[in-house]
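To start, the structure itself, in structure tokens.
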Amino acid sequence: MIGTRNLILGAGLAGLSAAASLPREETLVLEREGEVGGLCRSREVDGFTFDCTGHLLHLKDPGIRDLVHSLLPRCFASVERKSLIYSKGVYTGYPFQANTYGLPREVIRECVLGFVEALLRRGESEERPESNFREWVLSTFGDGIARHFLFPYNEKLYRVDLNEMECGWVSWSIPRPSLDEVVRGSLGMEVKGLGYNPQFLYPRRGGIDAIPRALQTRCGEIRLKAEVRSLDLLARRVRLESGEEIGYERLLSTLPLDGLLRMLNPLPEPALGKARGKLRAVRVVNINLGVDRPAVLPGHWVYFPEAQFPFYRVGSPTNYSSGVAPVGCSSLYVEVARRRDEPLDEETLVEEVLEALRRVEILRSGDRIVAREVLVLDPAYVVYDHFRQQALPSILRILERYGVISTGRFGAWEYGSMESALKQGRAAAERLDGGERVSAGGRG
Ligand SMILES: Cc1cc2nc3c(=O)[nH]c(=O)nc-3n(C[C@H](O)[C@H](O)[C@H](O)COP(=O)(O)OP(=O)(O)OC[C@H]3O[C@@H](n4cnc5c(N)ncnc54)[C@H](O)[C@@H]3O)c2cc1C
């Protein structure tokens, strides 16, 4: 059996960022796929570059900004977001709650009035935390915005009753406009710049996989097509699909936490067993299309809250990069969410999606689909339900007691970005190294 000091499971951004921060000769990365990058991989299909749906970079942390720009100097273009919502037969600006102009007048009235009523209710009542996401939406935005956008959109994405979700995760991802912004947005005075991503970065050429490919050059050994099948926490060794066993001193896992718990053999503590199968997530069916006509979508991406459309979001990479498709063509990514226990017939779904794209006139009768791929991202979005909130901290603590740091978007079982995965990998490497300060690329 071979052994290593630092064993990292998964070569997505979190695993790569950790590996780049640790001594090369003491670190081994195991990756199931034939290439690095995880959700940040891109593929070439018939002249189109497809990412896993849309992957747009937001850099806020100065350390991660320095890392990315040192890995890829002058690689990125900065783009001002143009995202829309399609509902009631019209396109409106993002976020819905501050751009209702253009919707039927009765809908605007319900949204604005509901917002004001919610404000008044909050002013009158004692400050008390909402107990679930549904309550939070109602008390923050009011009945109209809830009913016309936030309820149907989030139910379509998370596929659970919103009472079952807690609300701690929403503060950064759902913009909260002021009353002035809601009123201005209802009168057609466009409200711009709200939310966490008013600008984003994207490579001038090629796909988002530029980041993992560059980061890989700073890592030690990465074994591809090395799928981990079981983990013995007591003996400190993993077993691969091939049957090979690898020992370690310290383990950093970026694998989906629910899958990691299922791999434990033996199970050292019953609490870890109880959590198996209870951590919920949705998968996303990502249908990428190449179309032989330019500018088929009016914005960078569009949200579709209504049940008559199978997708919750459709985006067009050719609207934010000219380097991802043949001249004169458009690319589209379509995102459909499914619970992990829901049956999935990909061919039927693709037909439904194409029909809906024609119905909403994103595709026209003469358009030809010249490239296509279907990916199932599983897991894609963690469901922030009450079980997660109550059980997650202790699961992660128990794993740490056995020398395992579980991090990254799915290792930490959270709603994270590319930047947060890079940050998490770095932070985990620092902890593995016993608090000693390291920096990506700065060792080995
Ligand atoms: C639909 C969608 C859209 C997104 N859009 C954006 C965006 O626009 N901007 C943004 O900043 N972020 C976006 N993200 C988030 C971003 O993709 C992630 O936060 C980030 O890529 C996570 O990196 P990670 O390393 O934590 O996980 P992953 O990328 O999932 O890496 C985990 C790795 O582990 C490997 N692995 C799994 N099981 C095994 C096993 N048994 N053995 C060995 N290896 C294994 C996987 O193959 C994978 O390479 C999006 C995510 C989704 C799902």
Quiz item: Which residue pairs have Cβ atoms closer than 6 Å, lie 6 or more positions apart in sequence or on different chains, and pair a first residue in the range 174-199 that is of a type in the set (Phe, Trp, Tyr) with a second residue that is assigned to a loop (DSSP other than H, G, I, E, B) and within 16 Å of the ligand (Cβ to nearest atom)?
Solution: Tyr196/Trp172
Quiz item: Scanning the range 152-196 for residues that are of a type in the set (S, T, N, Q) and surrounded by fewer than 16 Cβ atoms within 10 Å (Cβ to Cβ), which turns out nearest to Phe304 (Cα to Cα)?
Solution: Ser173
Practice problem: Scan the range 345-358 and give yes if some residue there is surrounded by 18 or more Cβ atoms within 10 Å (Cβ to Cβ), outside the structural domain of Met263 (by TED's automatic domain parsing), in contact (Cβ under 8 Å) with a residue 40 or more places away in the chain and touching a helix residue (DSSP H, G or I) at 6+ places or on another chain (Cβ under 7 Å), otherwise no. | Solution: no
Exercise. Could you look through the range 417-444, keep only residues that are modelled with pLDDT under 95 and small (Gly, Ala, Ser), and pick out the one that is nearest to the ligand (Cβ to nearest atom)?
Key: Ala440
Quiz item: Within the bounds of the range 267-287, is there any residue that is among the hydrophobic types (A, V, I, L, M, F, W, C), surrounded by fewer than 20 Cβ atoms within 10 Å (Cβ to Cβ) and free of Cβ contacts under 8 Å to residues at least 24 places away in the same chain?
Solution: yes
Quiz item: Restricting attention to the range 87-106, does a residue exist that is in the same structural domain as Pro177 (by TED's automatic domain parsing), among the basic types (Lys, Arg) and farther than 30 Å from Gly434 by Cβ?
Solution: yes
Self-check item: Any strands (runs of 3 or more DSSP E) falling wholly within the range 275-318 and containing at least 2 residues that are over 24 Å from Ser87 (Cβ atoms)
Solution: 281-291
Self-check item: Selected residue (criterion: farthest from the ligand (Cβ to nearest atom)) from residues of the range 276-302 that are in contact with a helix residue (DSSP H, G or I) (Cβ under 7 Å, 6 or more places away or on another chain) and of a type in the set (D, E, K, R)
Solution: Lys278
Exercise. For Ser70, work out the one condition from (1) within 21 Å of the chain's Cα centre (by Cα); (2) surrounded by fewer than 16 Cβ atoms within 10 Å (Cβ to Cβ) it doesn't fulfil.
Key: (1)
Practice problem: List every residue pair whose Cβ atoms lie under 6 Å apart, where the two residues are 6 or more positions apart in sequence or sit on different chains, the first residue falls within the range 39-58 and is within 19 Å of Cys75 (Cβ to Cβ), and the second residue, located anywhere, is among the basic types (Lys, Arg). | Solution: Phe50/Arg43
Quiz item: How many of the residues in the range 251-277 are at pLDDT 95 or above and among the charged types (D, E, K, R)?
Solution: 2
Exercise. Among the residues of the range 396-411, write down those that are of a type in the set (A, V, I, L, M, F, W, C) and surrounded by 21 or more Cβ atoms within 10 Å (Cβ to Cβ).
Key: Leu399, Val404, Ile405, Phe410
Quiz item: Within the bounds of the range 134-145, is there any residue that is within 25 Å of Pro298 (Cα to Cα) and in contact (Cβ under 8 Å) with a residue 40 or more places away in the chain?
Solution: yes
Practice problem: Find all pairs meeting these conditions: Cβ atoms under 8 angstrom apart; at least six residues apart or on different chains; first residue within the range 110-121 and in the same structural domain as Leu179 (by TED's automatic domain parsing) and over 12 Å from Ala146 (Cα atoms); second residue among the charged types (D, E, K, R) and in a helix (DSSP H, G or I). | Solution: Glu117/Asp143
Self-check item: Residue check, Asp341 of a type outside the set (Gly, Ala, Ser) and at pLDDT below 95
Solution: yes
Self-check item: Scan of the range 230-275 for residues that are of a type in the set (Asp, Glu) and within 16 Å of the ligand (Cβ to nearest atom), ordered by number
Solution: Asp232, Glu241, Glu244, Glu245, Asp258
Quiz item: Identify, please: which residue in the range 43-52 is surrounded by fewer than 23 Cβ atoms within 10 Å (Cβ to Cβ) and out of contact with any Pro (no Cβ under 9 Å at 6 or more places or on another chain) and is, among those, farthest from Arg204 (Cα to Cα)?
Solution: Val45
Quiz prompt | Wholly enclosed strands (runs of 3 or more DSSP E) of the range 1-59 bearing at least 1 residues out of contact with any Ser or Thr (no Cβ under 7 Å at 6 or more places or on another chain) and within 12 Å of the ligand (Cβ to nearest atom) | solution = 2-9, 27-30
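The values are calculated or read from the model by the stated rules, or taken from the named source; none is laboratory data. Owing to the predicted nature of the structure, the values given are computational and were not obtained by experimental measurement. Neighbour counts run over all protein chains shown; Cβ positions are idealised from the backbone, glycine included.
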